[in-house]
Amino acid sequence: MQQAEECNEEISLLDYISIIARHMKLIIITVAIAVTATAIISFFSPKIYEAKAVIMPVSQSQEHTGMSAVALQFGLTSNQPSNTSELFSLLQSNILMERVIIKNNLVSLFFGEEARGKKENEQIWDGIRYLKSTIYKVRDNKREGIIELSAEYKDPEISAGILTSVLTELTDYMSSEAKRVADTNKEYLQSLIDKNSDPLIKQKIYGLIARQIEISMMAEVKENFAFKILDPPRIPDRKIRPRIAMNIMLSFIISLAGGIGMAFMVEHFKKRNKAGAPPGH
């Protein structure tokens, strides 16, 4: 019984090999066409380069955290450097993308003649969607407490330039916002001095005013105000796509499997037609 089963398995395997051998021409043609087409498409596809950058949010000191708690008692708006989640959200915000697009005239770079005839608002929105969906990516690495940025484009200098512009505009935006909030808070605190006669409260108010002045001065300096650039954008020297060798290998494997599958399908239809044919034909 066992010998009969082994014999059947050998016959079945031989049948499979026989089918593949009979349709070897079909398999070779399928593989050749697929691999050749993949090689041609990959060779003529535009080369894509990826620039990267890594930043780390500046942590608040315990002293500044305590001053923020006191500031809340007087109804002040917080103007402390942002934490990771706030910085991550701002890096993906439309307002930051708009500043980068306008500053670098990216609409004409991305769309060329296609942008003509559209309103400025439509052009900006098209640029924001294209930038965020195709070129620019942000990743929050919670494990290491860093934020990773990347930009992919066919020109290596432009890919690095986009990231540089993102970080520059981010710094300018956060600095100007912090300075604006600090100046507003300072004016409000100064108005409270004459309204309070308690020396202890006045001392706290003076301390908060000093803190607002400090924040305003730090915001003007800009460097390392809200984040540190651990790895600045650099012009990439190697493309990331297309990966011609990998594409050809995948094409070979898939087309080989497809060619063998087609061979078995052809054999199946031949047998079915033969079985359905009238006797004597």
Give me a count of the residues in the stretch 127-153 that are charged (D, E, K, R), modelled with pLDDT under 95 and more than 12 Å from the chain's Cα centre (by Cα). 3
Given the structure, is residue 115 among the hydrophobic types (A, V, I, L, M, F, W, C) and either in contact (Cβ under 8 Å) with a residue 24 or more places away in the chain or within 30 Å of residue 59 (Cα to Cα) (or both)? no
For residues that are of a type in the set (Lys, Arg) and not in a helix (DSSP H, G or I), scanning just the stretch 81-120, find the one that is nearest to residue 217 (Cα to Cα). 119
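Could you pull out the residue among 195, 179 that is basic (Lys, Arg), at negative phi and part of a helix (DSSP H, G or I)?
179
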Could you tell me which residue of the stretch 218-228 is surrounded by the most Cβ atoms within 10 Å (Cβ to Cβ), considering only residues that are at pLDDT 80 or above and more than 14 Å from residue 181 (Cβ to Cβ)? 227
Report, ordered by the first and then the second residue, all pairs with beta carbons closer than 9 Å, sequence separation of six or more or different chains, a first member in the stretch 167-180 that is closer than 18 Å to residue 217 by Cβ and modelled with pLDDT of 95 or more, and a second member that is small (Gly, Ala, Ser) and crowded, with 20+ Cβ neighbours inside 10 Å. none
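Against the condition in contact with a Lys or Arg (Cβ under 6 Å, 6 or more places away or on another chain), more than 26 Å from residue 101 (Cβ to Cβ) and not polar (S, T, N, Q), how does residue 209 come out, does it pass?
Numbers: in contact with a Lys or Arg (Cβ under 6 Å, 6 or more places away or on another chain): yes; more than 26 Å from residue 101 (Cβ to Cβ): yes; not polar (S, T, N, Q): yes.
Here the answer is yes, as residue 209 does meet what is asked.
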Can you pull out every residue in the stretch 121-164 that is of a type outside the set (A, V, I, L, M, F, W, C), within 16 Å of residue 236 (Cβ to Cβ) and outside any loop (DSSP other than H, G, I, E, B)? 136, 137, 148, 150, 152, 153, 156, 157, 159, 161, 164
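Mind listing whichever residues of the stretch 133-154 are surrounded by 15 or more Cβ atoms within 10 Å (Cβ to Cβ) and touching a residue at least 24 places away in the same chain (Cβ under 8 Å)? Reasoning before the result, please.
Of all residues in the stretch 133-154, those surrounded by 15 or more Cβ atoms within 10 Å (Cβ to Cβ) come to 135-138, 140, 146-153.
Residues satisfying the conditions are 135, 136, 138, 140, 146, 147, 148, 149, 150, 151, 152, 153.
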Any residue in the stretch 76-92 that's farther than 16 Å from residue 166 by Cα: show its pairings with residues that are part of a loop (DSSP other than H, G, I, E, B) and modelled with pLDDT of 55 or more at Cβ separation under 6 Å, as long as the two are six or more apart or on different chains. 80/60; 81/58; 81/226; 82/226
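The values are calculated or read from the model by the stated rules, or taken from the named source; none is laboratory data. Given the structure is predicted, the values throughout are model-derived calculations rather than measurements. So basically every Cβ, Gly included, is an ideal-geometry build from the backbone, and we count neighbours across all protein chains shown.
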